[in-house]
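All remarks here apply to the structure that follows.
The values are calculated or read from the model by the stated rules, or taken from the named source; none is laboratory data. If you're wondering where the values come from, they're calculated on a predicted model, not measured in any experiment. Quick reminder, even Gly has a Cβ in these numbers, built from the backbone with ideal geometry, and neighbours come from all protein chains shown. Heavy atoms of the whole protein, side chains included, go into the accessibility calculation; ligands, DNA and RNA do not. Shrake-Rupley method; radii C 1.70, N 1.55, O 1.52, S 1.80 Å.
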Amino acid sequence: ATYATKCIAGNASIWSLRRRFAGSTERMLTIELDRQHRAVQVRGFANRLARADEWKILERWAKARGIRLA
């Protein structure tokens, strides 16, 4: 909900990185992208920073989509 104004104005988009494993889906990270397709915020549950294993998946996702990571 805190991103709604930015998203409605077209200044940001919010993405959720999830991992499917053994028939279930695990939410890993929330990613905020700006208009230039830069990741301006990447956070896990309770606003924690991305773990190393999550960062590797995020890098692959970003590279495949032309997204720049800070």
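On a 1.4 Å probe surface of the protein chains, which of Ile8, Ile14, Ile31 comes out largest in accessible area, and what is the full order?
Ile8, Ile14, Ile31
For every helix of n ≥ 4 consecutive DSSP H residues, a contribution of -39,500 (n - 2.57) applies; sum these over the chain, divide by its total residues, and give [θ] at 222 nm rounded to the nearest 500 deg cm²/dmol.
-8000 deg cm²/dmol
Quick one: dipole size for the chain, taken about the Cα centre, charges +1 on Lys/Arg Cβ and -1 on Asp/Glu Cβ, in debye to the nearest 20.
140 debye
What does the charge count around Glu59 come to, taking other residues whose C-beta lies under 12 Å from its C-beta (Lys +1, Arg +1, Asp -1, Glu -1)?
Local net charge: +3.
Would you work out the relative contact order for the chain, in percent, from Cα pairs under 8 angstrom that are 6 or more residues apart?
22 percent
Between the helical axis of 52-65 and the dominant principal axis of the chain, each derived from Cα atoms, what acute angle in degrees is found, rounded to the nearest 10?
50 degrees
Suppose all protein chains stay in the model; what accessible area per residue would a 1.4 Å probe give for the chain, in Å²?
Accessible surface, normalised per residue, equals 76 Å².
How much net charge surrounds His37 when only other residues with a Cβ under 11 Å from its Cβ are counted (Lys, Arg +1; Asp, Glu -1)?
+3
With a sphere of radius 13 Å drawn around the Cβ of Ala12, what net charge do the other residues whose Cβ falls strictly inside it have (Lys, Arg +1; Asp, Glu -1)?
+1
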